[in-house]
Amino acid sequence: MSFIRILTAAFMAQAWSAPALAVPSSDSDWADVLERVTPAVVSIRMDVVRSFDTNSASNSQATGFVIDTEQGLILTNRHVVGPGPSRAEAVFLNNEEVQLEPVYRDPVHDFGIYRFNPEDLRHMDLVSVPLAPDGAQVGVDVRVIGNDAGEKISILTGTLARLDRAAPKYGVGSYNDFNTFYIQSASSTSGGSSGSPVLDRQGRVVALNAGGSTRAASSFFLPLHRVVYALEHIRAGRPVPRGTVQTTFQHRPYDELGRLGLSENTENRLRETFPEATGALVVESTNPGGPADGLLEPGDILMAVNGEALASFVPLEQTFDASVGQTITLSIERGGTAIDVPLTVGDLHAITPDRYVEFDAAILHELSYQKARSYSVPVDGIYVANNGYGLSKAGISKGAVLRRIADQEVHSVDDLTQLLATLPDGEQVRVEWIWLGNPRRTMISSWEVDRRWFESNVCVRQANGAWPCTPLTKPKGRAETVPKTAAMATDPKKMVQKVSQSLVTVDFDVPMRVDGVPSRDLRGTGVVVDAEEGLIVVDRDTVPIALGDVRIIVGGSVSIPGRVVWVHPTRNMSIVQYDPALLGNTPIAAIQWSPKVLEKGKQTTHVGLKSDHTVVSTASRVTLELPINLPLPKTPFFREVNSKSWRVSDVQSST
């Protein structure tokens, strides 16, 4: 169980630095700072409109603050900006509202940047706050200005206690920051304060609020060194280079490094080079299929990059970001032995999805490094952010990764769109997939391609944060359904055998739950009333509305499509129809109706189908005739009234 909650963030280069400058400590100083800075702090309202990567569709509130008045840039958390499509607006101190465009979300660290049009703010002077990453020092008094617990402009106090805390962990499969120190303070921030500025007495932002503990007053702030780096590129209108070797590093103290095999001579050199350091970086894990897979091992102690000694995260990331597509050399010590490891630096943005396919209400995109790292799987395949309608019918769950469709590998959105362009509606295709919770087990499902109910698009993120969509290419025609002959069940009782030839299983799937329909997938038994026309009577618990897909299962072995012909407006009855030609020589027959009226005491036989399509029967007797009295549904829904019913002595469990 995770006891860390996402709130906001702050970032730090290393676990040591020069002492903070002496500043006056009077309350009047804080009053002046807060009066000057508060107009730059905004409340951010976000609507995540699509499930994407680590985010689900939702709405929430957070905090941000203006860092550039000319370009209209607002700094907040990455988990606020989000990885996928969203809408956001900022509310300033005077309650003026402006629309926001997400212009950057870091692939790893918990910061993101919005842009707004400064001319949209007409009734107050626009102010910004300066970023001072080196101002974060142990013992510095700070104020956190944000919308804590949803309250507009809450001001929380704290003192920076640690500069070398490990990045907080929010849970497997969720967004998680890594390869950075965090700053810790007892500030008791809570929901709504994500993205709040952490201010010193000079009115500078020294960190970014990111998360907090649910069991203590601890708040976790992201250092600002990589924020400043990204901001320089964004102001200049340039892309932000981000490099990776798909490896997670952790900072470990010297006492643990000794147990990992750090030699005494090497420790002496580190302590001499970095007198304020308390340890070094150690490989925690490498991602399968990544640049370091098989070259670095957990427990390797990082000594230098390209010959430059280091003991903290920022210089390591600076080298990665400056070397995308190039080969670098990591000098490590493994079990007391020094080793130089050449690695090719990959592009972090290339393994961070920026497009998705919308198909049959499903949201599909390339598996992200965030997800792959969380479950230790290669960054490969199509991630099911939302399984929608068709995939859910096929038993493919949200959070799955599709590996092969119709016997073709799918590694990217391009692979997927090209394949879908060849598959007509009605085509049954084989899908191989894994669930990230158990990636070693490959699942196989049969999926029916269908474009009738929902739009099919590919949507790509633009530099201004918009996600314009383009319709997918659709093949002509529909897949042909081949006629099949079903073997009907046999029964030694002649009457049961005769009735069973008129019984079929009806599956009804609802693409959009309207009119109070309680479920998206319904199953019941239908009675064939006209074999020549393919008409079946079924109850409204099985086919409650006309909007849906009908499948008729005959003999438990043949499944054919059907359609809704009629839904009785007041009685518990619907009629569906199938094409008799699709059943070949199946000995299916229409039911024979009896002109006799049921009476109390009359002998009857109950014949039905179980959920596995087997025939069941039992002798029974009519015990009571009474008006039908069905309980009220929890949500407004069809309920038959003004009818009579019969109670019988015994029935078999059936659909």
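The values are calculated or read from the model by the stated rules, or taken from the named source; none is laboratory data. Everything numeric in this text was worked out from a predicted model, so none of it was measured. Cβ sites come from the backbone with ideal geometry, for glycine too, and all protein chains shown count toward neighbours.
Miscellaneous remarks
- Note on region 628-655: among residues that are farther than 18 Å from Arg571 by Cα and of a type in the set (Gly, Ala, Ser), the one that is farthest from the chain's Cα centre (by Cα) is Ser649.
- Meets criteria (surrounded by 14 or more Cβ atoms within 10 Å (Cβ to Cβ), within 30 Å of Glu455 (Cα to Cα) and either outside the structural domain of Lys393 (by TED's automatic domain parsing) or of a type in the set (Ser, Thr, Tyr) (or both)) for Gln501: no
- Residue within region 87-106 that is aliphatic (A, V, I, L, M), buried (at least 23 other Cβ atoms within 10 Å of the Cβ) and under 14 Å from Leu224 (Cα atoms) present: no
- Among the candidates Arg523, Arg540, the residue that is crowded, with 18+ Cβ neighbours inside 10 Å, of a type in the set (Lys, Arg) and touching a Phe, Trp or Tyr at 6+ places or on another chain (Cβ under 9 Å) is uniquely Arg540.
- Taken over region 545-559, the criterion of being without any contact (Cβ under 8 Å) to a residue 60 or more places away in the chain and either hydrophobic (A, V, I, L, M, F, W, C) or in a loop (DSSP other than H, G, I, E, B) (or both) is satisfied by Ile545, Ala546, Leu547, Gly548, Val550, Ile552.
- Selection of strands (runs of 3 or more DSSP E) fully inside region 565-649 by the criterion of at least 1 residues being in contact with a strand residue (DSSP E or B) (Cβ under 8 Å, 6 or more places away or on another chain) and over 30 Å from Lys484 (Cβ atoms) returns 603-609, 615-627, 644-648.
- Qualifying position, being in a strand (DSSP E or B) and of a type in the set (Asp, Glu), among Glu284, Glu232, Glu272: Glu284
- Every test in (1) within 22 Å of Asp53 (Cα to Cα); (2) crowded, with 16+ Cβ neighbours inside 10 Å is passed by Gly171 save one, and that test is (2).
- Strands (runs of 3 or more DSSP E) lying entirely in region 287-395 (those with 3 or more residues that are assigned by TED's automatic domain parsing to the domain that holds Glu264 and surrounded by fewer than 20 Cβ atoms within 10 Å (Cβ to Cβ)): 327-334, 337-344
- Listed by position, the strands (runs of 3 or more DSSP E) contained in region 171-213 that have at least 1 residues being without any contact (Cβ under 8 Å) to a residue 12 or more places away in the chain and of a type in the set (A, V, I, L, M, F, W, C) form an empty set.
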